[in-house]
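**Q** Got a structure for you, written out below as structure tokens; questions coming shortly.
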Amino acid sequence: MSVPDRTQPPEPGPIRPFAFPRLERRQLANGFNVIAARAGDLPLVTALLVVDAGAAADPAGKAGLANLTALALETGTRTRSAGEIAWAFERLGVEFEVETTWDASSFEITVPAGRLEPALELFAEVVRSPAFPEHEVARLRDEQIARILQRRKEPRALATDMAARFIFAPDVPYARPLIGTTASVEALTRDDVDAFYRTRYLPNTSSLILVGEIDIDEAERLAQLYFGDWPRGTAPATDFDVVGAVRETTIYVVDRPGSVQSEIRIGDVGVERHHPDYFPLLVMNTILGGAFTSRLNLSLRERHGFTYGARSGFAFRRRPGPFIVQVAVATDVTARAVEEALKEIALLRDMGATEEETVAARDYLAGILPLELQTTEQLAARIADIVIFDLPDTYFQDHRAKLATITADDVLRVARTHLRSDRLAIVVIGDAEQITEPLRALGVGPVEVHRVE
């Protein structure tokens, strides 16, 4: 019997084969889009409704309205109270899930195929005929304000929010938290919620995605039954320019007196989801900070012992979202951690990656794809990406093939183009008295000290 060689790590196995389900589409007379994908071995169906009502569409001065409106749908309809709605879903064994992103609001249920029709009838009632009771909207508004205040007390969330504030110009929606500010949410009313709903929740700006044990004919029948008489309308365009706030690399210290740890964010304006460099950027970021074996993690965690983990990533949206490096370290090594992170960014930008690193990053991204698409919920979320970002229906079938074309030269090109060390916003949440002078001594740019408002 052969004895395994335990002095060497095992070689990775072959990448698992994977086939994304075929999408079938129909459109109702009112412009309502229906997409069906047969998938899975269990008699389950996930229904996901995507509405073009993301936080980027919040009216001026009403930040947080899209999020509040989406949550308020479940607080009662014209014929049922919030409690009756909750109990009706409970009887069906269904959880109604709500999510608002910058680009859309979405509503999801997963149900045994045999209960899909009554579940979808209830689902449509919640989405199409909300009552927005005054006291329920007020309750949700107060909860949203509490979440905003909680984020100010939690260093990780505060660092992310402050990074966005310093990366983007003040009039760019992305400069503030998706859920709004205390001032903007406190001013929101039940009438604001109702007006946003009437303006944005329209059949011709919505898509129903059904994934599981279902075909397109049945999907169309159910959509016609419960959404076919939904009156179409015209929603205002969501259009804005993304402008950065930083003209030269600047360190922003946000003071938390007595803090024993610093939360660090290093960021810049990134690119939109439709950018032609999307796939090279995925590979480049995997090498920099998108995996456990990335350069940032190997340097800051393994080599220097500054942190439990460091990572980087692009927030791909319809408009250019942020690129952010994030790491938490002890107060006494804050400046050294910033210095090492900047070194890794500069090294990748100036020298690029090896072919071995590039192949490993490509294989990692290709290998994890099937793991992220094992359930009907996961598949529905990816189909929602196709809808939101107007991607080809074959996008995920072609995903691995596109990754396989990325070379080390591509990584170098996009690193030199998109890693701009001359205009980074470096945000550090920590004890200003202890960290400001060491950060200033780095000489990477001016240092500003701010207080949490």
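**Q** So, with a 1.4 angstrom probe, what is the percent of accessible area on the chain that is carbon and sulfur?
**A** That fraction is 51 percent.
**Q** I want to verify the translational diffusion coefficient of the chain in µm²/s; compute it with Stokes-Einstein, Rh as the Kirkwood radius over Cα pairs, at 20 °C and 1.002 mPa s.
**A** Roughly 89 µm²/s, to the nearest whole number.
**Q** Do me a favour and compute the ellipsoid semi-axes for the stretch 224-264 from its Cα gyration tensor, root of five times each eigenvalue, largest one first, whole Å.
**A** Gyration-tensor ellipsoid for the stretch 224-264: 48, 21, 8 Å.
**Q** Just to be sure I understand: if I project the alpha-carbon convex hull of the stretch 88-135 onto a plane and average over all orientations, what area do I get in nm²?
**A** Answer in nm², one decimal: 4.4.
**Q** Related question: Tell me, Kirkwood radius of the stretch 61-110 from alpha-carbon pair distances, in Å?
**A** Value: 12.0 Å, from the Cα pair sum.
**Q** Would you calculate, for the chain, the mean residue ellipticity at 222 nm contributed by helices, counting each DSSP H stretch of 4 or more residues as -39,500 (n - 2.57) and dividing by all residues, to the nearest 500?
**A** -12000 deg cm²/dmol
**Q** While we're looking at this one, here's another question. Accessible area per residue for the stretch 336-453 in Å², computed with a 1.4 Å probe and the full protein assembly in place, what is it?
**A** 48
**Q** For q values of 0.23 Å⁻¹, compute log₁₀ I(q)/I(0) with the Debye formula on a Cα-only model of the stretch 121-246, without solvent.
**A** -1.26
**Q** How long are the semi-axes of the ellipsoid equivalent to the stretch 254-389, from square roots of 5 times the Cα gyration tensor eigenvalues, in whole Å, largest first?
**A** Whole-Å semi-axes of the equivalent ellipsoid: 28, 18, 15.
**Q** Count the net charge of all other residues whose Cβ sits under 11 Å from the Cβ of Ala70, scoring Lys and Arg as +1 and Asp and Glu as -1.
**A** -2
**Q** So how long is each side of the stretch 158-223 along the principal axes, counting just the alpha-carbon atoms, biggest first, in Å?
**A** Principal-axis extents of the stretch 158-223 (Cα, largest first): 49, 29, 18 Å.
**Q** If I stretch the segment between Asp398 and His135 completely, what's the gain in nm (0.36 nm per residue apart, minus their alpha carbon distance), one decimal?
**A** Stretched out fully, the Asp398 to His135 stretch lengthens by 89.8 nm.
**Q** Roughly speaking, what is the stretch gain from His274 to Arg6, that is 0.36 nm per residue apart minus the C-alpha to C-alpha distance, in nm to one decimal?
**A** 92.0 nm
**Q** Helix 216-227 sits at what angle to the longest principal axis of the chain, using alpha carbons and giving 0 to 90 degrees rounded to 10?
**A** It is inclined by approximately 70 degrees.
**Q** Let me ask something else about it. Label point 7 Å out from Ser81 along Cα-to-Cβ: which residues of the stretch 124-159 have amide N under 17 Å?
**A** 131-140
**Q** Within the set of other residues whose C-beta is less than 15 Å from the C-beta of Gly31, count the net charge using Lys and Arg as +1 and Asp and Glu as -1.
**A** Net charge in that neighbourhood comes out at +2.
**Q** Using only the alpha-carbon atoms of the stretch 223-301, report the extent along each of the three principal axes, biggest first, to the nearest angstrom.
**A** 58, 33, 28
**Q** A further question follows. If you take the Cα atoms of the stretch 112-182, find Rg, then find the Kirkwood Rh from the mean of 1/r over all pairs, what is Rg/Rh?
**A** Rounded to two decimals, Rg over Rh is 1.19.
**Q** I would also like to ask the following. Please state the equivalent ellipsoid semi-axes for the stretch 344-388: what are the square roots of 5 times the Cα gyration tensor eigenvalues, largest first, in whole Å?
**A** Ellipsoid half-lengths, sorted descending, are 31, 14, 7 Å.
**Q** Per q in 0.09, 0.10, 0.19, 0.20 1/Å, what log10 I(q)/I(0) does a Debye calculation on the alpha-carbon atoms of the stretch 311-417 return?
**A** -0.34, -0.42, -1.20, -1.24
**Q** Extending each Cα 7 Å along its Cβ direction at Arg115 and Glu372, get the distance between those two points in nm, one decimal.
**A** 3.1
**Q** Students often check this: by mean Cβ neighbours within 10 Å, which of 159-168, 384-393 ranks highest, and how do the rest follow?
**A** Answer by packing, highest mean first, reads 159-168, 384-393.
**Q** Another one. Quick one: which of 268-277, 401-410 comes out on top by average Cβ neighbours within 10 Å, and what's the full order, highest first?
**A** So the order, starting with the most tightly packed, is 268-277, 401-410.
**Q** May I ask you to give the average projected area over all directions of the convex hull of the Cα atoms of the stretch 26-129, in nm² rounded to one decimal?
**A** Dividing the Cα hull surface by four gives the mean projection, 7.8 nm².
**Q** Then there is this: On a 0 to 90 degree scale, rounded to 10, what angle separates helix 116-128 from the longest Cα axis of the chain?
**A** Helix 116-128 and the main axis of the chain meet at about 80 degrees.
**Q** Per-residue counts of other Cβ atoms within 10 Å, averaged by peptide: what ranking do you get for 252-258, 63-69, 314-320, highest first?
**A** Top of the packing list down: 63-69, 314-320, 252-258.
**Q** How far is helix 155-167 tilted off the main Cα axis of the chain, in degrees rounded to 10, range 0 to 90?
**A** That helix lies at roughly 90 degrees to the long axis.
**Q** Take every DSSP beta bridge with both residues inside the chain and express the antiparallel ones as a percent of the total, to the nearest 5.
**A** Roughly 75 percent of the DSSP beta bridges within the chain come out antiparallel.
**Q** Which value, in Å³ per residue, describes the convex hull spanned by the Cα atoms of the stretch 364-444?
**A** Measuring per residue, one finds 198 Å³ for the Cα hull of the stretch 364-444.
The values are calculated or read from the model by the stated rules, or taken from the named source; none is laboratory data. Just so it is clear, the structure is predicted and the values come from calculations on it, not from any experiment. Here the Cβ is made from the backbone with ideal geometry for all residues, glycine too, and neighbour counts use every protein chain on show. Just the protein is used for accessible areas: all its heavy atoms, side chains included, with ligands, DNA and RNA removed. Shrake-Rupley method; radii C 1.70, N 1.55, O 1.52, S 1.80 Å.
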